[in-house]
């Protein structure tokens, strides 16, 4: 298996990278361009920028941030938050996004995925899924974990695959921002049913959490936010562990 | 040196533009056939569907010009889908003809994944290996580069294969070259320092 990709996740509000706990409650941790430049220099595999308030307020200010980022960052950049139309998507790609992450709009209108796939291809299309266990079933949530959808996680993943998603960004709402470890139960639950690469997000707090997760097959990529922002882990250290464990 | 990036349609060209700009000042994104023929170096980027890309090139009147680019002898680098369209044809969404500049066909990775032991798209930072005859440039072409693809080139002439990686014991072409024509399956503009180095090598005529 090829090494798990390490992705730095930047949740953005206005001009700031913020950090939330369980996708709620906010704290500013830095500026998007300074942080992404730092991670690029340290050898990050990819950068993920999510506009956390775009869906809520129906606006999107990420364009300028990405345009600036592409001046000095030469690794893939995925952009998400508030992409609701083909025009929104085009603006993102023109600003320098390599992939876009779609969440709420895909739930509202799954055909949007097909339209995007036909124009930009699956490789540019990430479906972002937030999930939480309700009555012993994983359910899909939208708007940063605020709203229930009554959609079953497995059904939704299969649909996203069929409709042309190239990757799934899977966020565990319960673990997100806690730094208490990844949702291993969720990882185990999805590892054999998802045919496209999964980016697992939420819960990395220390190196042991990564070692635990690497025991599972099919950990294609790991998105890390707070633990990198607060320098609790550095990218070199993470990559070393991944290379040591990659044959598991 | 005049450098043109061919506007093949729907993609992020800004990153490639900025990567080239690190080394050369005269870079433009263009879909003007005359401008393209006057270039000293050409980049042919592309993502998405093969058929769409060919359709866009035809509509812009660039397809026929590119078909003869081997005779013009202008160095050209195709990237990702831009590399795939250099070959004869693809069976993505039904048969579609390519530029036919390099012998070979584009096929789905599904064909070599019958036991489903890897995921498609094939994504990641993958170590490439030099093919026989290209060891002298191994310092440029052997490294971890960023790949993201669901299709790959088959039936290619061994002497056009510069570097590759293995997937289920199949050699997946990473870089191909025939005279003035170079193709990269991965994204050099997204492959950190080693990718930028490769772009520099191409611009300097060392690839």
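We did not get these values from a lab; they are worked out from the coordinates using the rules stated. Fair warning: this is a prediction, and the values are worked out from it, not measured in the lab.
Remarks
- Ellipsoid semi-axes in whole angstrom, largest first, where each is sqrt(5λ) of the Cα gyration tensor of segment B:81-145: 24, 20, 10
- The distance separating the Cα centre of segment B:149-183 from that of segment B:1-42 comes to 24 Å.
- Within a Gaussian network of chain B (alpha carbon springs, distance under 10 Å), most fluctuating of B:58, B:171, B:119: B:119
- Each pair of Cα atoms in the protein assembly as shown enters the Kirkwood radius, and Stokes-Einstein at 20 °C and 1.002 mPa s then converts it into a translational diffusion coefficient of 96 µm²/s.
- The calculated Kirkwood hydrodynamic radius for segment B:6-55 is 11.8 Å, given to one decimal from all distinct C-alpha pairs.
- Of B:45, B:173, B:121, the one that fluctuates the most in a GNM where chain B has Cα springs shorter than 10 Å: B:121
- When the Gaussian network model of chain B links Cα atoms closer than 10 Å, the mean-square fluctuations of B:71, B:21, B:41 top out at B:71.
- Antiparallel content of DSSP bridges confined to segment B:3-203, in %, to 5: 60
- Binning the C-alpha pair distances of segment B:30-128 at 10 Å intervals from 0 yields a P(r) profile of 14, 45, 28, 12, 2 %, listed from the shortest bin outward.
- Computed over segment B:64-205, the ratio Rg/Rh where both radii use C-alpha atoms and Rh is Kirkwood: 0.95
- D by Stokes-Einstein for chain A, Kirkwood Rh over Cα pairs, 10 °C, 1.306 mPa s: 89 µm²/s.
- Base-10 log of normalised Debye intensity for segment A:34-146 (one unit scatterer per alpha-carbon) at q = 0.11, 0.14, 0.15, 0.19 Å⁻¹: -0.37, -0.59, -0.67, -1.00
- Its convex hull of Cα atoms gives segment A:81-126 a direction-averaged projected area, equal to a quarter of the hull surface, of 2.7 nm².
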